[in-house]
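The values are calculated or read from the model by the stated rules, or taken from the named source; none is laboratory data. Note that the coordinates shown come from a computational prediction; the quantities given were computed from them, not determined experimentally. Backbone-built Cβ (ideal geometry, glycine too); neighbour counts: all protein chains shown.
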Amino acid sequence: MLVFLIHVRDPQFYALPAKTRANNGNIRVMGFPPIGIMSLSSVLKQAGHECVMFDQANPDTPNDVIIDEMKRRKPALIGLSFLSTTSYPYAKILARQIRAADSTVKLAFGGVFASLNAGLVKLQCSEVDFVCRGDGEQLLLDLLARLDSPEEVASLTWLKDGKVVNNPGRPMERHLDQWPFPDRESLKLDFVESMPLDVPAVLSMERFTTMQTSRGCPWPCVFCDIPIFNEGKWRARSPAHVVAELKSLEEHGYGSVYFVDDHFLLQPKRIEAICTGVMHEKLTIQWGIEGRVDSVAQHLFPAMAKAHCRTVMFGIESGSQRILDRLKKEQTLQEVTTAVKNAKQAGIEIVHGFFTVGNPDETVEDMQKTFDFASKLPLDTFGFNRLCVYRGTPLWQEYVKRGLVNDITDWYKYFKCSEIDPTCLPGEVINNVRQEGLKKLFLYKLFHYPLQSYRLLRRFLRFMPVRDVIYLLIKPFLGQKKGATKAEVLSRAVEHAEMKDAAAHLTQLTDDMLHSVFEASRTERLRIQQDAERSRELPMVPAR
Ligand code: B12
Ligand code: SF4
């Protein structure tokens with residue numbers, strides 16, 4: 001059977017360079033590849049199906065092109081994959097366009113957000129036939145075998161006689177080695193490695209990709225839906241399987257890979273075996289991971305650095321123990337300090353800290369403590385994001401009980417906690433304290449860690465125009481600027497806070513309004529692309 005798989009994105013998280021091509025002829029974009037659909041594509045192909053992938057990051061395949069291809073090739077099933085609350089509006093738009101063009105093609109949704117809100121999504125987005133919950137590999141094969149009798153497909157949500165039916169869930173698959181490596185080569189798109197989320201800084205121009213070596217995390221952080229998505233379990237691939245994939249990546253010319261595992265650092269024996277395997281195979285590919293600061297695998301940081309682990313990212317969240325406890329992070333400030341120091345001393349080149357601001361019960365003093373704490377840690381890079389609340393998390397449940405959100409009417413909306421929780425500081429105060437905190441932090445780093453700052457700058461300058469690096473540095477010192485238009489939000493690959501704000505508002509628009517905004521954005525997108533083509537330079541930091 002022929003299947004189309006489409007990775008739906010909210011566009012502010014990827015760059016739209018003016019059709020800059022890699023040596024292999026592929027267009028290059030800054031961001032993470034769509035490893036969800038790539039994983040499913042290889043499973044389908046191995047089972048004898050045909051699969052065509054599309055990624056909305058590809059400027060050559062906008063929705064109209066996908067729909068034309070659909071009319072031409074007539075797939076049996078179209079799967080839309082998207083990660084989060086923020087990309088749901090775009091998935092709805094595409095589903096509607098597909099349904100308007102073909103009233104019979106079967107349409108499925110999958111990914112974390114769709115899984116955790118399956119019944120509600122099915123009701124709200126009637127164009128979609130199936131919402132697939134959890135792991136997609138076996139589910140998709142089962143669905144293709146029973147497209148017309150979905151009652152027997154475990155973990156499927158669908159509509160029968162006008163009623164939403166949630167088929168029973170399937171047991172969680174533990175044997176992850178059974179699946180083939182993701183199908184990375186069929187998508188004609190290359191990715192450039194940048195800092196995650198909101199730092200549009202290019203790390204290297206090597207061919208870049210992502211990999212998943214484990215799934216899930218058993219900790220209880222109140223803002224996170226990963227434990228719920230994975231039923232509180234952590235499952236991992238064997239070290240041999242991981243090393244074999246790294247080897248295959250190297251053979252395909254990838255120079256750098258980021259593991260999208262929720263907690264890579266959970267099992268020391270597995271990490272040790274992966275490092276030994278990398279050394280034994282004499283691999284040189286560079287890799288990066290995310291993990292908790294309380295990991296008992298920290299004695300392996302030197303082995304990881306030797307095996308070319310270049311980046312370690314920690315979820316630090318706050319410099320106030322009171323706030324860490326409020327978030328049920330189950331980590332201490334001392335553990336944070338120890339882990340960051342251990343990683344740096346072991347020779348990990350880039351150690352990143354994720355922080356959250358605008359947390360419940362947070363005071364100005366707590367926020368200041370966070371910036372002071374971050375200044376003194378030997379971190380190379382850091383991000384300070386406003387805490388958001390998603391349906392499916394313990395914090396959402398708490399907010400439902402406190403009457404701050406409504407589970408029936410608000411489930412698809414993206415909220416910063418400070419917008420709805422009176423125990424958070426007001427948005428304006430958060431922004432001011434953050435701006436002040438960032439200024440102090442930058443200056444502290446420059447004077448106390450000059451060598452570290454210089455090395456990082458040198459790395460950025462290798463791949464980014466000087467003006468973009470300068471902008472990145474002075475950004476905290478600039479005042480608030482005018483907000484973005486909705487069309488700009490949809491069109492541009494920008495990380496600005498005001499873009500994020502506007503993107504959040506988009507999740508709350510009516511569907512009709514969404515449609516007109518989408519149309520306006522197509523014109524805007526075209527204009528930006530033409531401008532960029534005219535200026536004939538690769539905008540590594542997206543146009544502002
Ligand atoms: C990597 C990552 C990113 C990357 C994006 C990479 C990319 N291009 O895809 C970056 C850093 C850009 C990013 C950004 C954001 N992210 Co993010 N991200 C992740 C992370 C860590 C891993 C995702 C991944 O690659 N998984 C590996 C693949 C193999 O799994 P998968 O996509 O889930 O696919 C499997 C199944 O879901 C299923 N499946 C998926 N699609 C389909 C389709 C069909 C038809 C079927 C049958 C099955 C199916 O089958 C696949 C194989 O089993 C997840 C956490 C997680 N563990 O999921 C958070 C996560 C998805 N992100 C999250 C958030 C909040 C965001 C941001 C909004 C953050 C922000 N405020 O800026 C943005 C929005 C991004 C967007 N466009 O939607 C939340 C989502 C919560 C929510 N309810 O919205 C998560 C769950 C993290 C968390 N703990 O809160 N993210
Ligand atoms: S440790 Fe990380 S992945 Fe695990 S629950 Fe907390 S935030 Fe989520």
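Could you figure out which of (1) modelled with pLDDT under 95; (2) farther than 26 Å from SER115 by Cβ; (3) not in a helix (DSSP H, G or I) isn't true of GLU428? Unmet condition: (3).
Are any residues in segment 289-330 within 21 Å of PHE384 (Cβ to Cβ), free of Cβ contacts under 8 Å to residues at least 40 places away in the same chain, in contact with a helix residue (DSSP H, G or I) (Cβ under 8 Å, 6 or more places away or on another chain) and not hydrophobic (A, V, I, L, M, F, W, C), and if so, which ones? Residues satisfying the conditions are GLU290, GLY291, GLN321.
Of the residues making up segment 123-134, those that are charged (D, E, K, R), under 24 Å from LYS71 (Cα atoms) and surrounded by 20 or more Cβ atoms within 10 Å (Cβ to Cβ) number 1.
Restricting to segment 230-239, what's the tally of residues that are without any contact (Cβ under 8 Å) to a residue 40 or more places away in the chain and away from ligand 1 (no atom under 14 Å from the Cβ)? Even if it seems obvious, please write down each step before you answer.
Keep residues of segment 230-239 that are without any contact (Cβ under 8 Å) to a residue 40 or more places away in the chain, which gives 232, 234, 239.
Now narrow it down to the ones that are away from ligand 1 (no atom under 14 Å from the Cβ): 239.
Qualifying residue count for the region: 1.
The sole residue among GLU206, GLU173, GLU185, GLU137 that is touching a Gly at 6+ places or on another chain (Cβ under 7 Å), of a type in the set (D, E, K, R), under 30 Å from ALA240 (Cβ atoms) and touching a residue at least 40 places away in the same chain (Cβ under 8 Å) is GLU206. Collect the residues in segment 290-327 that are buried (at least 23 other Cβ atoms within 10 Å of the Cβ) and β-branched (Val, Ile, Thr), keeping them in residue-number order. VAL293, THR311, VAL312, ILE316, ILE323, listed by residue number. Close contacts from segment 78-99, counting a first residue that is touching a residue at least 24 places away in the same chain (Cβ under 8 Å) and a second that is among the basic types (Lys, Arg), with Cβ to Cβ under 8 Å and a gap of 6+ residues or different chains, come to ILE78/LYS106; PHE82/ARG9; THR85/ARG391; THR85/LYS413; SER87/ARG9; TYR90/ARG9.
Can we say GLY255 is under 22 Å from the mean Cα position of the chain (by Cα) and away from ligand 2 (no atom under 16 Å from the Cβ)?
On the way: under 22 Å from the mean Cα position of the chain (by Cα): yes; away from ligand 2 (no atom under 16 Å from the Cβ): yes.
Criteria met by GLY255.
Conditions (1) more than 19 Å from the chain's Cα centre (by Cα); (2) more than 16 Å from ligand 2 (Cβ to nearest atom); (3) more than 24 Å from GLN138 (Cβ to Cβ), marked per residue:
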{"residue": "PHE4", "(1), (2), (3)": "yes, yes, no"}
{"residue": "ALA22", "(1), (2), (3)": "yes, yes, yes"}
{"residue": "GLY25", "(1), (2), (3)": "yes, yes, yes"}
{"residue": "MET53", "(1), (2), (3)": "no, yes, no"}
{"residue": "ALA57", "(1), (2), (3)": "no, yes, yes"}
{"residue": "LYS71", "(1), (2), (3)": "yes, yes, yes"}
{"residue": "ALA91", "(1), (2), (3)": "no, yes, no"}
{"residue": "LEU94", "(1), (2), (3)": "yes, yes, yes"}
{"residue": "ALA100", "(1), (2), (3)": "yes, yes, yes"}
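Residue under question is GLU251, and the condition is that it be farther than 30 Å from LEU327 by Cα and either surrounded by fewer than 19 Cβ atoms within 10 Å (Cβ to Cβ) or more than 11 Å from ligand 1 (Cβ to nearest atom) (or both); does it hold? So GLU251 fits the description; yes. Annotation: VAL405 fulfils all but one of (1) surrounded by fewer than 20 Cβ atoms within 10 Å (Cβ to Cβ); (2) over 24 Å from the mean Cα position of the chain (by Cα); (3) assigned to a loop (DSSP other than H, G, I, E, B); the unmet one is (1). For segment 115-127, name all the residues that are in contact (Cβ under 8 Å) with a residue 60 or more places away in the chain and not in a helix (DSSP H, G or I). Across segment 115-127, the qualifying residue is only ASN117. Take the residues in segment 112-165 that are among the small types (Gly, Ala, Ser) and touching a Ser or Thr at 6+ places or on another chain (Cβ under 8 Å), then tell me which one is farthest from ligand 1 (Cβ to nearest atom). Top of the filtered list is GLY119. Name the single residue, out of those in segment 172-225 being buried (at least 19 other Cβ atoms within 10 Å of the Cβ), more than 25 Å from ASP294 (Cβ to Cβ) and small (Gly, Ala, Ser), that is modelled with the highest pLDDT. Only one residue fits best here, namely SER194. Any residue in segment 104-124 that is within 19 Å of VAL3 (Cα to Cα) and at pLDDT below 95? Checked against the condition, which is being within 19 Å of VAL3 (Cα to Cα) and at pLDDT below 95, segment 104-124 yields no hits at all. Inspection of segment 264-279 identifies no residue that is assigned to a loop (DSSP other than H, G, I, E, B), buried (at least 20 other Cβ atoms within 10 Å of the Cβ) and either within 16 Å of ligand 1 (Cβ to nearest atom) or touching a residue at least 40 places away in the same chain (Cβ under 8 Å) (or both). The residues listed here are THR393, THR423, THR370; of these, the one that is within 14 Å of ligand 1 (Cβ to nearest atom) and modelled with pLDDT of 95 or more is THR393. Within segment 135-169, if we keep just the residues that are surrounded by fewer than 21 Cβ atoms within 10 Å (Cβ to Cβ) and small (Gly, Ala, Ser), the residue that is nearest to ligand 2 (Cβ to nearest atom) turns out to be GLY169.
Cβ-Cβ distances below 8 Å connect the following pairs, each with a first residue in segment 217-229 that is farther than 17 Å from VAL260 by Cα, a second residue that is near ligand 1 (Cβ under 10 Å from one of its atoms) and aromatic (Phe, Trp, Tyr), and a separation of six or more residues or different chains: PHE223/TYR390.
Go through LEU77, LEU120, LEU83 for me and flag whichever is within 16 Å of ligand 2 (Cβ to nearest atom) and of a type outside the set (Gly, Ala, Ser). Steps first, answer last, please.
Details: LEU77 fails: within 16 Å of ligand 2 (Cβ to nearest atom); LEU120 fails: within 16 Å of ligand 2 (Cβ to nearest atom).
Result: LEU83 is the single residue among LEU77, LEU120, LEU83 that is within 16 Å of ligand 2 (Cβ to nearest atom) and of a type outside the set (Gly, Ala, Ser).
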